[in-house]
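Values in this text are rule-based calculations from the coordinates and carry no lab data. Worth saying up front: this structure is predicted, and the values here are computed from it rather than measured. Cβ placement follows ideal geometry from the backbone for every residue including glycine, while neighbour counts extend to all protein chains displayed.
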Amino acid sequence: MKKEMIICIIIIALIIITNIIAQNYTKNCVEDITKGLYDLEDDILKKQNDNQILQKIYDIDTKWHKFHNTLAFYIEHDELEKVETEISNIKGLEKVNKYDDMLPQIEECIFLLEHIRDKHTLTAINIF
């Protein structure tokens, strides 16, 4: 009986530690991508040059692909695909120089990222 209790405690501790690590990683990823999106939005509103906007879009896309591979282990693929779609829409609008049309796409992408962060944060609301 004592042996089983120790094994259960170890398993519960591992689950909690893994959840904390995953939650922190998700939070850092979302903050990094969201910061890039806000910077991109500011550049568009300030009418920065095309090369600077293109570089920010490339940076956001590169970071997203790096984070996506790890996040896919524990976040629903449907939610990740929604963010991927918004980033692809932003890239597509950049190719045709429709910078003003990017703003709603950027806001949607930020909303989706924050939703993922909030959904995977351990809070009383998410537990019950």
**Message:** Whether any residue in the stretch 18-25 is of a type in the set (Val, Ile, Thr), in a helix (DSSP H, G or I) and more than 25 Å from His115 (Cα to Cα) is what I want to check.
**Reply:** no
**Message:** Suppose the filter is surrounded by 13 or more Cβ atoms within 10 Å (Cβ to Cβ) and either over 17 Å from Lys119 (Cα atoms) or within 21 Å of the chain's Cα centre (by Cα) (or both); does Leu14 pass it?
**Reply:** no
**Prompt:** So which residues in the stretch 88-99 are within 14 Å of Leu37 (Cα to Cα) and either small (Gly, Ala, Ser) or within 11 Å of the chain's Cα centre (by Cα) (or both)?
**Reply:** Ser88
**Request:** Find the residue count for the stretch 73-106, including only residues that are surrounded by 12 or more Cβ atoms within 10 Å (Cβ to Cβ) and closer than 15 Å to His120 by Cβ.
**Result:** 7
**Prompt:** Among Lys63, Lys47, Lys56, which is the only one that is among the basic types (Lys, Arg) and outside any helix (DSSP H, G or I)?
**Reply:** Lys47
**Request:** Could you please find all residues in the stretch 100-123 being more than 14 Å from the chain's Cα centre (by Cα), part of a loop (DSSP other than H, G, I, E, B) and in contact (Cβ under 8 Å) with a residue 24 or more places away in the chain?
**Result:** Leu122
**Request:** Could you figure out which of (1) surrounded by 11 or more Cβ atoms within 10 Å (Cβ to Cβ); (2) of a type outside the set (Val, Ile, Thr); (3) within 22 Å of the chain's Cα centre (by Cα); (4) not in a helix (DSSP H, G or I) isn't true of Cys29?
**Result:** (4)
**Request:** Could you tell me whether any residue of the stretch 38-59 is closer than 24 Å to Ile21 by Cβ and either surrounded by fewer than 18 Cβ atoms within 10 Å (Cβ to Cβ) or in contact with a Phe, Trp or Tyr (Cβ under 8 Å, 6 or more places away or on another chain) (or both)?
**Result:** no
**Request:** Filter the stretch 66-75 for residues that are in contact (Cβ under 8 Å) with a residue 40 or more places away in the chain and outside any helix (DSSP H, G or I) and give the result.
**Result:** Tyr74, Ile75
